[in-house]
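The values are calculated or read from the model by the stated rules, or taken from the named source; none is laboratory data. The shown structure was predicted, so the numbers you read here are calculated from the model rather than taken from an experiment. FYI the Cβ positions are ideal-geometry reconstructions off the backbone, even for glycines, and counts take in every protein chain you see.
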């Protein structure tokens, strides 16, 4: 019987192991933690947003933007929902975000572990994979040539032969869950190249020294990232202001573009728009209308009920306009200054937070060296990839887990049948 060895017991690794086992092959699952699936427990704030109904190619990022979408279409969000329903997870839909009805990430992990057990997957925990070496079919020697007939796998506890390998060893993000980037080293030893691995879905640290005065403020707005004057990405949602910079879902969504631009030594700025439903002209007219309604208010009183006081106090200070000035005396230039501060609040990004705070990474094994249909290595036959180890990352909202399920399923199926 053919043996498929899956390296990495995270979401993609468990899906790959389950899929391969369902195809009738013997499966070994190696995991260096004491238990498989630890990272799943922290997803969706402990509730596990395991997929999203809304799917399009722009939800996934890669140097080759077509690569992830081809795999997603082969095992879709609907396939994921059906798969977990079969395992016992009844899902609830929150505006397209899918969660287990129990609101427990542990339920998703539990049913995956039950399925591994039901299919007799040989789960070997607390084993670090140290080396994967292709075996030449005719000479029985270790080789990296195209006619590899299998692999010699060496861990810190044993060595064994396997017919196929699926490398699902995760990324560097959230190392407290066991992600240590070891899969990258294994891939490089097998001849693969990496797109630089950087933090993504992560907070941004900014240069300005006023952030402590607005820390804790949350406000709806639009986040636009620029490298020089080039717009890289934008997103809208609740912005969270911290004592060191900016956070929140829209910041997470654009952070991978910030990481890449900073890596390339670009100057990165972010423009925050705190009235995204108005153009600058409309907002200027809106302010003038407020002035006409209560012309005797001071500038300090003027923004009450419109913006958080910490924010408006900062804008007044940065504008240089006396806070005791009555708004009927504001000049056109002063109104324009206030409009610009609200609509184009510009900050300079120094760096992202570290891998410890990042939810995922951007970068990874170059997809140009991987078959876009089967996820088999184009350099080492019989070697497959799935999950975060590849140069694919998704937006917030269940997309990174969907990539794990889709790529794990595809790699498991192909490794079993090839």
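Here are the numbers:
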quantity: Wholly enclosed helices (runs of 4 or more DSSP H) of region 50-131 bearing at least 2 residues under 29 Å from residue 369 (Cα atoms); calculated: 66-74, 77-87
quantity: Residue in region 156-167 that is outside any strand (DSSP E or B), modelled with pLDDT of 90 or more and surrounded by 15 or more Cβ atoms within 10 Å (Cβ to Cβ) present; calculated: yes
quantity: Matching residues, region 82-141, being on the phi > 0 side of the Ramachandran plot and in contact with a strand residue (DSSP E or B) (Cβ under 7 Å, 6 or more places away or on another chain); calculated: 96
quantity: Unmet criterion (only one of (1) more than 15 Å from residue 72 (Cα to Cα); (2) without any contact (Cβ under 8 Å) to a residue 24 or more places away in the chain) for residue 371; calculated: (1)
quantity: Pairs where the first residue, in region 399-418, is touching a residue at least 24 places away in the same chain (Cβ under 8 Å) and the second is in a loop (DSSP other than H, G, I, E, B) and surrounded by fewer than 24 Cβ atoms within 10 Å (Cβ to Cβ), C-beta under 6 Å, 6+ apart; calculated: 406/75; 409/75; 414/374; 416/23; 416/25
quantity: Test: residue in region 273-291 that is on the phi > 0 side of the Ramachandran plot and either at pLDDT 95 or above or in contact with a helix residue (DSSP H, G or I) (Cβ under 6 Å, 6 or more places away or on another chain) (or both); calculated: no
quantity: Residues located in region 180-196, provided they are surrounded by 22 or more Cβ atoms within 10 Å (Cβ to Cβ) and under 20 Å from residue 356 (Cβ atoms); calculated: 183, 184
quantity: Any strands (runs of 3 or more DSSP E) falling wholly within region 184-254 and containing at least 1 residues that are at pLDDT 95 or above and under 30 Å from residue 154 (Cα atoms); calculated: 194-200
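Residue-wise test of (1) surrounded by 18 or more Cβ atoms within 10 Å (Cβ to Cβ); (2) outside the structural domain of residue 400 (by TED's automatic domain parsing); (3) under 14 Å from the mean Cα position of the chain (by Cα).
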position	(1), (2), (3)
231	no, yes, no
241	yes, yes, no
246	yes, yes, no
254	yes, yes, yes
257	yes, yes, yes
261	yes, yes, no
267	no, yes, no
271	no, yes, no
275	yes, yes, no
